[in-house]
Amino acid sequence: MRTVPLNQPCHRSIVAVDIAGSTTRTNTEKIMLRRDIYDLFEAALDTTGIIDLYRDPLIDRGDGILALIHPVDHIPKTRLLDTLAPRLGALLAEHNTDHPHRYFRLRAVIHAGEVHFDPNGVFGEALDLAFRLLDAPQVRQQLRTAPDPLTLVVSDAIYQSIVRHGYHGIPDRAFEPAVGVCIAGRHHLGWLRSGAELLVATDTPTASTPAPR
């Protein structure tokens, strides 16, 4: 049970995904899409070791999902980049090959910051930034033209604190400062990555891979 007062911030790693072109799908198609995205996303989280104990309940966004991951030593931010993103990309590519009639593509964002909870949900500037990056025109355009079904954007905070340091399994040179958004009059940079390297998971130890539910 959360014990932090409502007016106090909680630090979370933020991972959100969004289905590209979902508004062109019929409601019956969206039923299948929503089932598939939850199956794939939860499988990627579980494989990465991000079990329920280390995250808040997933937040539904209609055509996407938001995961808020607790700041625990078991789940360093590096694991979001060297394991979670590649695993999700691999599962999505496999799904699209096995079920071409249910093919879909995803935009994903990774950020971290302070969020607030109240009886109606979660909010805060960190989430505003994450969603603004996720919905940025540059990210949408990258996904339209890239051969891979997953496009990833990370915030400048994630790039500066994690990506640029060259940790094993995180290709720092593959990220480009291609996204710019403004929130409350302040400019924020996003680093864009899309490519085959997303689909190659590292040898980071993980839990056994569960079958999508």
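Coordinate-derived values only; no laboratory data. This structure is a prediction, so every number in the text was calculated from the model and none was measured. Here the Cβ positions follow ideal geometry from the backbone for every residue, glycine too, while neighbour counts run over all protein chains shown.
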Could I have the simple spin-label model distance between Thr26 and Thr97, label points 7 Å from Cα toward Cβ, reported in nm to one decimal? 3.0
Rounded to whole angstrom, the alpha-carbon centroid of the range 16-37 lies from that of the range 124-181 at a distance of 22
Phi-based couplings in Hz for the range 118-127 (Karplus 6.51, -1.76, 1.60; Gly and Pro marked x): 9, x, 9, x, 10, 7, x, 4, 4, 6
Computed label-point distance, nm, for sites His11 and Asp135 using a 7 Å Cα→Cβ extension: 2.8
For the range 10-199, what is the largest minus smallest coordinate of the Cα atoms on each principal axis, given in angstrom and ordered from greatest to least? 41, 39, 35
Give a residue-ordered list of calculated ³J(HN,Hα) values for the range 148-154 (Karplus: 6.51 cos²θ - 1.76 cosθ + 1.60, θ = phi - 60°; whole Hz; x for Gly, Pro). 8, x, 10, 10, 10, 10, 10
What ranking, highest mean first, results for peptides 18-24, 112-118, 94-100 when packing means the other Cβ atoms within 10 Å averaged over each residue? 112-118, 18-24, 94-100
For the range 34-92, using Cα atoms only, the Rg and Dmax in Å read 11.0, 31
Apply the Karplus parameterisation 6.51 cos²θ - 1.76 cosθ + 1.60, with θ equal to phi minus 60°, to every residue of the range 141-146 and state each ³J(HN,Hα) to the nearest whole Hz, in sequence, with x for glycine and proline. 5, 4, 5, 5, 9, 6
Roughly what would the spin-label model give for Ile183 and Asn120, points 7 Å off Cα along C-beta, in nm? 1.9
Between beta-carbons, use under 10 Å as the cut-off and find the net charge around Ile19, counting Lys and Arg +1, Asp and Glu -1. +3
Top mean-square fluctuation among Thr83, Thr28, Thr48, Gaussian network model of the chain, C-alpha springs under 10 Å? Thr28
May I ask you to derive the relative contact order of the chain, considering only C-alpha pairs under 8 Å and at least 6 residues apart, and to give it as an integer percent? 27
